[in-house]
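S.K.: Structure in structure tokens, see below.
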Amino acid sequence: MFDPKKLIRKGLPKGHFKDAAVRSLLAGVTYLVVIIAALLFGKIIVDGAPVLFKAEAPFVDFEFLTAKNETLHVFDDALGNRHQLPAAAYSAYLDKHPGEGIFNEQTFSYSGGGIAGPIVGTALLTIGSMILALFFGICAAIYLSEYAKQSPFIHAVRLAILNLAGIPSIVFGLFGFSVFVLAVPIITSTPADRSLLTFPLFFGNYFVSFQGWNSSLMAGCATLACMILPVIITASEESLRAVPQGFRDASLAMGATRWQTIRKCVLPFSLPGILTSSLLAITRVAGETAPIMFTAAVAAKDDLPWQGLKSPFDLLSSQVQALPYHIYTLAARIPSSEYTQRAQYGSVFVFLVLVAFLSAGSMILRSKLRAKLKW
Amino acid sequence: MTSAIQIQNVSFAYNTKQVLHDVSMDIPAHQITAFIGPSGCGKSTLLRCFNRINDRIPGARITAGSIKVHDIDINRSDIDLQELRRQIGMVFQKYNPFAKSIYENVAFSLRVAGQNKRATLDEIVENALKSAALWDEVKDRLHASAFGLSGGQQQRLCIARAIANQPEILLMDEPCAALDPLATLKIEELLMELKKKYTIVIVTHNMAQATRCSDKTAFMYLGKLIEFGPTMQLFENPKDPQTEAYVTGTFG
């Protein structure tokens, strides 16, 4: 029998306390994560922001961004004033005040000057590896999604690529070291002794020598590109597949060739998706330390990457400083003290700001492209 | 009456699944031929053989027989596929304009054929849009996105796009399936205009549509051509009991 009175409950809803408990547990976990993130970023911003920003105009300490990285000298002069000077300013000071005493001198490696070298190095590594990875990644994705027959072999290839994405970055670093640094071929007039295989080219003036690219910008770019290739291939393939089948049918039915179809009707519409995936890759490339440790990065370098070059090729074959590696050096390889904090927190803060800018820029680009391309 | 497409004993299979069995018919030029039949009877597959768009489906192949256009077997391996598809245009069930402007949609087939002269493109685009009865509705927004158009307009845009190539034959795979009755009516009126210039083959689920606009009708069932004849005769006086059952609605 239907009893209308049963529709009105007495007291609290059924399971009220259980629901409330579950709800507050879930909320608690969520806010705990938020609090941890806030503490982390808060600490870096509180300690790092004063390095980059100043109270007076122009409010940004450009010197920290544009000066070379140097050793910091801390000392007292004869009057008991404490000085903190980077190496170049320190020797200028000595020249200016000859014969005056220097007391309690301490030096801190990598802690003086600015971080121009690491910033530029990271930028070069990022750009180089993204160009490589996008080229190879998009080519592979087009082949996999548009040309390859869906055979068990292609399925296995796809699975292998997916699995590559899970390999730890240090393994890519070692791979890059053994392949790009030590083994890949170069064309040279003077092969190194450790060359794995050498054969002459033209009339014997040049040789193809499998001796690797040494630790260099291009070895680092190649290693980083390998690391993010699986991400880019997988995501590019997905966004290629997301382009409606009807576009391909229509294009082919109108007499376009397969490549015309891909170039005009598939690629343009999948680019936003591909860019979205590369956005994640950019921040990862800019942030990884392990792959560049053995292949490209150097802790101290006097010249900026483009200084003292004999040819453009020298830029690619020279080592660079890089922000994440610089942070690692500052954090782990020098004794920490009140004098090193400026460099340490400043670098991390700048790094965070850079990554934030990169993400924001790519997101804006993406949403603009999205607005243009809809179906 | 000349025939535009001669289909001789065609059998067709997706991998091991036989979809068409020994189909033979002559599709007359400058008329509208309708293919009717229940879903899965092979009528779309047959249509898609005419411009070899099935090629891109792995495992799809003609196992026997031939399809001839102007006495040339279009399944020869040395066929210029691009040229074939320029001569035999196709309009799909779900209207599928590109995410480009209205103008670029119609100009697409010309651009892929290497035609990039502005004046020529302008002229052909205008003519194609006029032939598709769309010009008056879009002439002020040629460079706006094709997605701003209504469903019926988008389908007419696809027709304009297909006839910009000046094909001989126009294949239509249920062109009105995704449209409302008014848009359908417009397309049907358009078909009557287009058949003066083109040979039209239309696949339809809508038997009323077949009677309204086709000259000849083919009824297919389970991959076989059951009956092919003038539309009026097929609907009013079918020879085959299966056709009769289908057109009178006792099955299907």
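S.K.: Could you grab me the full set of residues in segment A:231-251 that are among the acidic types (Asp, Glu) and more than 11 Å from every other protein chain (Cβ to nearest Cβ)?
M.R.: Passing the criteria: A:237, A:238.
S.K.: If I filter segment A:271-290 for residues that are part of a helix (DSSP H, G or I), within 14 Å of chain B (Cβ to nearest Cβ) and among the small types (Gly, Ala, Ser), do I get at least one hit?
M.R.: Within segment A:271-290 (the criterion being part of a helix (DSSP H, G or I), within 14 Å of chain B (Cβ to nearest Cβ) and among the small types (Gly, Ala, Ser)), the answer is yes, since at least one residue qualifies.
S.K.: Scan segment B:89-102 for residues that are touching a helix residue (DSSP H, G or I) at 6+ places or on another chain (Cβ under 6 Å) and more than 9 Å from every other protein chain (Cβ to nearest Cβ) and jot them down.
M.R.: Matches in segment B:89-102: B:102 only.
S.K.: Further question: Scan segment A:194-218 for residues that are within 30 Å of residue A:322 (Cα to Cα) and in a loop (DSSP other than H, G, I, E, B) and report the count.
M.R.: Residues flagged as within 30 Å of residue A:322 (Cα to Cα) and in a loop (DSSP other than H, G, I, E, B) within segment A:194-218 amount to 9.
S.K.: Please verify whether residue A:75 is modelled with pLDDT under 90 and in the same structural domain as residue A:97 (by TED's automatic domain parsing), treating the condition exactly as stated.
M.R.: yes
S.K.: What are the residue pairs meeting all of these: first residue in segment B:229-240, first residue without any contact (Cβ under 8 Å) to a residue 60 or more places away in the chain, second residue assigned to a loop (DSSP other than H, G, I, E, B), Cβ atoms under 8 Å, and 6 or more apart or on different chains?
M.R.: B:229/B:239; B:230/B:215
S.K.: Restricting to segment A:252-263, what's the tally of residues that are at the interface with chain B (Cβ under 7 Å from one of its Cβ atoms), under 11 Å from residue B:112 (Cβ atoms) and part of a helix (DSSP H, G or I)?
M.R.: The total comes to 2.
S.K.: Filter segment A:307-326 down to residues that are assigned to a helix (DSSP H, G or I) and free of Cβ contacts under 8 Å to residues at least 40 places away in the same chain and give me whichever is surrounded by the most Cβ atoms within 10 Å (Cβ to Cβ).
M.R.: Once the filter is applied, the top-ranked residue is A:314.
S.K.: Follow-up question, since we're still on this one. Tell me which residues, restricted to segment B:152-173, are closer than 15 Å to residue B:50 by Cα and in contact with a Lys or Arg (Cβ under 6 Å, 6 or more places away or on another chain).
M.R.: none
S.K.: Still on this structure: Is at least one residue of segment A:154-171 polar (S, T, N, Q) and away from every other protein chain (no Cβ under 14 Å)?
M.R.: The answer is yes; a qualifying residue exists.
S.K.: Can you find a residue in segment A:240-262 that is farther than 21 Å from residue B:54 by Cα and in the same structural domain as residue A:348 (by TED's automatic domain parsing)?
M.R.: no
S.K.: Which is within 20 Å of residue A:307 (Cα to Cα), assigned by TED's automatic domain parsing to the domain that holds residue A:358 and of a type outside the set (S, T, N, Q), of A:142, A:127?
M.R.: A:127
S.K.: OK, next. Here are A:43, A:96, A:18, A:14: which of them is surrounded by 10 or more Cβ atoms within 10 Å (Cβ to Cβ) and of a type in the set (Lys, Arg)?
M.R.: Being surrounded by 10 or more Cβ atoms within 10 Å (Cβ to Cβ) and of a type in the set (Lys, Arg) holds for just one of A:43, A:96, A:18, A:14, which is A:43.
S.K.: Would you check if there is a residue in segment A:339-348 being among the small types (Gly, Ala, Ser), part of a helix (DSSP H, G or I), surrounded by fewer than 22 Cβ atoms within 10 Å (Cβ to Cβ) and assigned by TED's automatic domain parsing to the domain that holds residue A:124?
M.R.: no
S.K.: Being within 37 Å of the chain's Cα centre (by Cα) and farther than 17 Å from residue A:62 by Cα narrows it down to one residue among A:111, A:91; which is it?
M.R.: Criteria check complete, one pass: A:91.
S.K.: Quick check: is even one residue across segment A:53-61 more than 16 Å from residue A:106 (Cβ to Cβ) and in contact (Cβ under 8 Å) with a residue 24 or more places away in the chain?
M.R.: no
S.K.: Let me ask you something else. Just for segment B:108-144: of the residues that are of a type in the set (Gly, Ala, Ser) and outside any helix (DSSP H, G or I), which one is nearest to the other protein chains (Cβ to nearest Cβ)?
M.R.: Applying the filter and picking the extreme gives B:113.
S.K.: Is one or more of the residues making up segment A:155-178 surrounded by fewer than 14 Cβ atoms within 10 Å (Cβ to Cβ), modelled with pLDDT of 90 or more and under 30 Å from residue B:161 (Cβ atoms)?
M.R.: no
S.K.: Moving on. Mind listing whichever residues of segment B:6-49 are polar (S, T, N, Q) and crowded, with 16+ Cβ neighbours inside 10 Å?
M.R.: Answer for segment B:6-49, where residues must be polar (S, T, N, Q) and crowded, with 16+ Cβ neighbours inside 10 Å: B:6, B:11, B:31, B:33, B:44, B:45.
S.K.: Please find, within segment B:59-78, the residue that is nearest to the other protein chains (Cβ to nearest Cβ) out of those that are loosely packed, with under 15 Cβ neighbours inside 10 Å and assigned to a loop (DSSP other than H, G, I, E, B).
M.R.: Of everything passing the filter in segment B:59-78, B:59 is nearest to the other protein chains (Cβ to nearest Cβ).
S.K.: From B:144, B:128, B:177, which residue is among the hydrophobic types (A, V, I, L, M, F, W, C) and either over 22 Å from the mean Cα position of the chain (by Cα) or at positive phi (or both)?
M.R.: B:144
S.K.: Just name the residue that is farthest from the chain's Cα centre (by Cα) out of those in segment B:13-45 that are without any contact (Cβ under 8 Å) to a residue 60 or more places away in the chain and part of a strand (DSSP E or B).
M.R.: B:17
The values are calculated or read from the model by the stated rules, or taken from the named source; none is laboratory data. Remember, predicted model here, so these are calculated numbers, not experimental data. Positions of Cβ are backbone-derived with ideal geometry, glycine not excepted, and every protein chain shown enters the neighbour counts.
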